[in-house]
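Everything on this sheet refers to the single structure shown next.
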Amino acid sequence: MADCIFCEIIAGRAPASIVYQDDTCLAFMDIHPLGRGHVLIVPLEHAVQLPELPDAQRTHLFRVAHHILDAQRALGWGKRGSHILLNDGPQANQMVPHIHVHIIPREKRDALPTLSRLFLHITGLMGRATARTSLDEQASALRQQLPEIIH
Ligand code: AMP
Ligand code: ZN
């Protein structure tokens, strides 16, 4: 869809650090991570909210999200906890109107120590994007784990 940043990423017209892709969904690093290894999983088909997606695609999206969580844990990211989050619609603070599941590993001293940081994130007031090289390294580390996890 025109003017959708996630559709631009899916089409290869906008940069992204890709973790996983199949014929239904794409996983890539969040550009403003709330924890090391913060990943977004999106359906390839543009849809704003979950009820617009066919049931099989919804199920698949969360299946892949679980695989990403396993890959993060295999790397030791989020060992003490992770957020698995989907803001489904503007009233739920959805900033990008294309369905996406967040998988956010938490660490003792990560980027989300306070509610104010979360507020800045969900209102889109967050500061600079994380360097692409760092996101690429994280994506590569996750990609290496996935063959062991996805069968
Ligand atoms: P939400 O508030 O659930 O809509 O979250 C949108 C997420 O998309 C935020 O965590 C942003 O940091 C992330 N985001 C926005 N643009 C990009 C982009 N070009 N590449 C990667 N992540 C993005
Ligand atoms: Zn889109």
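Where the only charges are on Cβ atoms (+1 Lys, Arg; -1 Asp, Glu), what is the dipole of the chain about its Cα centre, to the nearest 20 debye?
It comes to approximately 760 debye.
Calculate one ³J(HN,Hα) per residue across segment 10-15 by plugging θ = phi - 60° into the Karplus curve 6.51 cos²θ - 1.76 cosθ + 1.60, and present them in order as whole Hz with x for glycine and proline.
4, 7, x, 8, 10, x
Quick one: what are the phi-derived ³J(HN,Hα) couplings along segment 144-151, Karplus 6.51/-1.76/1.60 with θ = phi - 60°, whole Hz, x for glycine and proline?
5, 7, 5, x, 6, 9, 8, 10
Counting only residues 5 or more places away or on other chains, whose amide H sits under 5 Å from the amide H of residue 20 once H atoms are built in the peptide plane?
When sequence neighbours closer than 5 places are left aside, the close amide H contacts are 27.
Could you pull out every Cys in the chain that lacks a partner Cys with its beta carbon under 4.7 Å away?
By the Cβ distance rule, which asks for a partner under 4.7 Å, the isolated cysteines are 25.
When the accessible area of the chain is split by element with a 1.4 Å probe, what percent falls to carbon and sulfur?
Carbon and sulfur: 54 percent of the exposed surface of the chain.
Within 10 Å of each candidate Cβ there may be at most 12 other Cβ atoms; applying that plus a DSSP loop requirement, which trypsin sites (Lys or Arg not before Pro) in segment 11-60 survive?
13
Show me, for segment 41-49, the HN-Hα J-couplings you get by feeding each phi into the Karplus relation (A = 6.51, B = -1.76, C = 1.60, θ = phi - 60°), rounded to Hz, glycine and proline as x.
So the Karplus estimates, Gly and Pro as x, are 10, 10, x, 5, 7, 5, 8, 8, 10 Hz.
The values are calculated or read from the model by the stated rules, or taken from the named source; none is laboratory data. The structure displayed is predicted, hence computed values, not measured ones. No Cβ is skipped: glycine too gets one built from the backbone with ideal geometry, and neighbour counts run over all protein chains shown. With ligands, DNA and RNA removed, areas are computed over all heavy atoms of the protein, side chains included. Shrake-Rupley method; radii C 1.70, N 1.55, O 1.52, S 1.80 Å.
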